[in-house]
Amino acid sequence: MKIRRLFLAALVLTAANMYGQSYSFGGYAPNVITTAVPFVSIAPDARGGAMGDCGVASTPDVYSMHYNPAKYVYLEDKLTIGLNYSPWLTNLTKDMNLAYLAGAYKINDRSAVAATLRYFNCGEINFRDPNNYDLGTYNPNEWAIDATYSRMLGDYLAGAVAGRFIYSNLTQGVTDYGKAGWSVAADVSVYYKRPVEWFRTIDADFAWGAAITNIGSKVSYNGSSDRRDFIPTTLRVGSSLKLELDEYNTLEFNVDLSKLMVPTPPAYVRDSITGAIVTDPETGLPTLQPGSYDNNVSVVQGMIQSFYDAPGMGYNYETGQWDHYGKFYEELCEVMVGVGVEYWYNNIFSVRAGYFNETALKGNRKYVTAGAALKYNMFGLDVSYLIPISSVAGSNPLEKTLRFNLTFNMGGKKS
């Protein structure tokens, strides 16, 4: 089937975890972990997007669902609603975007509930059959809806569980082999925050958080169980330090570490002459290199296996030999790092900046972020901007794109 902009759509689907596939790491291709529905991994808000995608331990806001839903119980306002709009691949098209609607309600001082809706619009795509006959123009899309309950577990510790339904319809039923995929997932998270007396003249709050998000069933796009892909189950841990510099000025520092809890693609035996992958004559499946693990496993096994299954070797296409860089080294390369800083003046105006780093072996996403915010009575406006520092132009779908949040605090302060 010939589909105009098919490869553009494929780029959208894999952009969150395949930016660096074209990079060379020591002469061999990066061993990038890929998943289905990567849109649920995209930071959906301008605040986190301005701070290097940090958010697991930052000051709570209505967009906390993506990073750490346990933070909701720390919200100051009774009722908060937020809306985000993020244009996508603006250098190539104007009709693709990510929209995010979030709402949080503070039940009392020890519990809160929240729900969000994430909608990814892939734009209009013209489908054609093998004979180039026009099958019509469709609008592929993906969406996810979720809800959470957050509760205080102690004086300073909060926990949360969340449920999520994910739906991905990329072919709109045009083809017999391309069906809508769906998954049910859950999040578990904790958040700890307390005042600290680390500075003589400055009040400060220290916080840390941890979350495992998108623990859920695999996704199939052909309606059968022979080919099912993992969703992006992710472990996030991080900390923050907020300084009350004086009556009007605050400064917050954030560090986030994240890792996909999805099996690493294994290394396969290759023909010494052609470099082609060798298959088992009995099963017809690729033959694993010694020390590699099969990644066709269950969700739970995949989560556990993700911490030790890196092959630690890469096939060098220039020399036709295997380069061994170590399993532990590759496991470390799977950890992504984000750092961010946020300054507020009188709780009215804010400026933010951040940096996100992913190693070349695992995709090479590297970018600087910046943003600002304004608050006026019940309304808030956030904007962010992303600047890739990768050597490949156009390597990030959000490159040179302004993202916007609108936040409404409509329920008054918590009781």
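Counting only residues that are touching a Ser or Thr at 6+ places or on another chain (Cβ under 6 Å) and within 21 Å of Trp208 (Cα to Cα), how many does the range 330-341 have?
Residues of the range 330-341 touching a Ser or Thr at 6+ places or on another chain (Cβ under 6 Å): 333, 336.
Okay, now just the ones that are also within 21 Å of Trp208 (Cα to Cα), so 336.
Count: 1.
Quick one: which of Ala114, Ala147 is in contact (Cβ under 8 Å) with a residue 40 or more places away in the chain and outside any loop (DSSP other than H, G, I, E, B)? Please lay out each step first, then the result.
Numbers: Ala147 fails: in contact (Cβ under 8 Å) with a residue 40 or more places away in the chain.
Only one candidate qualifies: Ala114.
Is there any pair linking a residue in the range 357-376 that is aromatic (Phe, Trp, Tyr) and modelled with pLDDT of 90 or more to one that is open to solvent by 40 Å² or more (accessible area, probe 1.4 Å) and not in a strand (DSSP E or B), with Cβ under 7 Å and at least six apart or on different chains, and which?
Qualifying pairs under 7 Å: Tyr367/Ile389.
Among residues belonging to the range 234-269 that are part of a strand (DSSP E or B) and polar (S, T, N, Q), point out the one that is surrounded by the most Cβ atoms within 10 Å (Cβ to Cβ). Break it down into steps so the answer makes sense when it comes.
Taking the range 234-269 as the starting set, the residues that turn out to be part of a strand (DSSP E or B) are 234-244, 249-260, 268.
This time we only want the ones that are polar (S, T, N, Q), so: 234, 239-240, 249-250, 254, 258.
Details: Thr234: 22, Ser239: 18, Ser240: 24, Asn249: 12, Thr250: 21, Asn254: 27, Ser258: 23.
That would be Asn254.
Suppose the filter is within 24 Å of the chain's Cα centre (by Cα), assigned to a strand (DSSP E or B), on the phi < 0 side of the Ramachandran plot and not hydroxyl-bearing (Ser, Thr, Tyr); does Phe408 pass it? Let's see the steps before the verdict.
Numbers: within 24 Å of the chain's Cα centre (by Cα): no; assigned to a strand (DSSP E or B): yes; on the phi < 0 side of the Ramachandran plot: yes; not hydroxyl-bearing (Ser, Thr, Tyr): yes.
Criteria not met by Phe408.
Take the conditions in contact with a strand residue (DSSP E or B) (Cβ under 6 Å, 6 or more places away or on another chain) and free of Cβ contacts under 8 Å to residues at least 40 places away in the same chain and apply them to Tyr221. Does it pass?
Details: in contact with a strand residue (DSSP E or B) (Cβ under 6 Å, 6 or more places away or on another chain): yes; free of Cβ contacts under 8 Å to residues at least 40 places away in the same chain: no.
It is false that Tyr221 is in contact with a strand residue (DSSP E or B) (Cβ under 6 Å, 6 or more places away or on another chain) and free of Cβ contacts under 8 Å to residues at least 40 places away in the same chain.
Which residue, of Tyr119, Tyr156, is among the aromatic types (Phe, Trp, Tyr), at pLDDT 80 or above, farther than 25 Å from Asn214 by Cβ and open to solvent by 30 Å² or more (accessible area, probe 1.4 Å)?
On the way: Tyr119 fails: farther than 25 Å from Asn214 by Cβ.
Checking each option against the conditions leaves just Tyr156.
Conditions tested, residue by residue: (1) under 28 Å from Gly275 (Cβ atoms); (2) in contact with a Leu (Cβ under 9 Å, 6 or more places away or on another chain); (3) not in a strand (DSSP E or B).
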| position | (1), (2), (3) |
| --- | --- |
| Asp323 | yes, no, no |
| Tyr329 | yes, yes, yes |
| Val339 | no, no, no |
| Glu342 | no, yes, no |
| Ser350 | no, yes, no |
| Leu361 | yes, no, yes |
| Lys375 | no, yes, no |
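With respect to Trp198, is the statement that it is open to solvent by 20 Å² or more (accessible area, probe 1.4 Å), outside any strand (DSSP E or B) and either in contact with a strand residue (DSSP E or B) (Cβ under 7 Å, 6 or more places away or on another chain) or small (Gly, Ala, Ser) (or both) true? Steps first, answer last, please.
Values: open to solvent by 20 Å² or more (accessible area, probe 1.4 Å): yes; outside any strand (DSSP E or B): yes; either in contact with a strand residue (DSSP E or B) (Cβ under 7 Å, 6 or more places away or on another chain) or small (Gly, Ala, Ser) (or both): yes.
Yes; evaluated as a whole, the condition is true for this residue.
Testing Asn68 on (1) more than 14 Å from the chain's Cα centre (by Cα); (2) among the polar types (S, T, N, Q); (3) under 18 Å from Tyr149 (Cβ atoms), one condition comes back false. Which one is that?
In the conditions (1) more than 14 Å from the chain's Cα centre (by Cα); (2) among the polar types (S, T, N, Q); (3) under 18 Å from Tyr149 (Cβ atoms), Asn68 misses (1) alone.
Count, please, the residues in the range 272-314 that happen to be open to solvent by less than 30 Å² (accessible area, probe 1.4 Å) and among the charged types (D, E, K, R).
Total meeting the criteria: 1.
The values are calculated or read from the model by the stated rules, or taken from the named source; none is laboratory data. These numbers were taken from a predicted model, which means no experiment stands behind them. Methodologically, a virtual Cβ is constructed for each residue, glycine included, from the backbone with ideal geometry; neighbour enumeration extends over all protein chains shown. With ligands, DNA and RNA removed, areas are computed over all heavy atoms of the protein, side chains included. Shrake-Rupley method; radii C 1.70, N 1.55, O 1.52, S 1.80 Å.
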